[in-house]
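Below is one structure, written out as structure tokens, with a few remarks after it.
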Amino acid sequence: MSFQHIPGIGLVHLNEAKAPKVVPGNERHKWAGKPRWGESTTCIKCGCVKRRKKPEYTETYQMRDGVETTERPACTGKSE
Ligand SMILES: [Zn+2]
């Protein structure tokens, strides 16, 4: 068993740590550009807007006619 000490939280069992999410290719957005902090870009497949916000340093996504969220939505555009 392996544990990791996280300051302020304590020992956390590594199996409980979130595994990286694997996104299927057709659900991946194709961003028009690589935005830096304070910039935004748009998915050329579905029109979703990704914003990298300063000074909070958070990334948000907004689907067309959707709400702004920090969860990356699946791309609804057609895959190539
Ligand atoms: Zn997309």
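Taking the stretch 46-73 on its own, how many of its residues are closer than 13 Å to residue 35 by Cα and β-branched (Val, Ile, Thr)?
The number of residues fulfilling the criteria is 3.
For the stretch 24-43, name all the residues that are in contact (Cβ under 8 Å) with a residue 24 or more places away in the chain and within 11 Å of the ligand (Cβ to nearest atom).
Within the stretch 24-43, 26, 27, 28, 29, 30, 43 meet the criteria.
Hey, any hits in the stretch 50-69 for a residue that's within 14 Å of the ligand (Cβ to nearest atom), under 30 Å from residue 3 (Cβ atoms) and at pLDDT below 95?
The answer is no; no qualifying residue exists.
The values are calculated or read from the model by the stated rules, or taken from the named source; none is laboratory data. As the structure is a computational prediction, the values presented were derived from the model and not from experiment. All Cβ positions, even for glycine, are placed from backbone atoms using ideal geometry, and neighbour counts span all protein chains on display.
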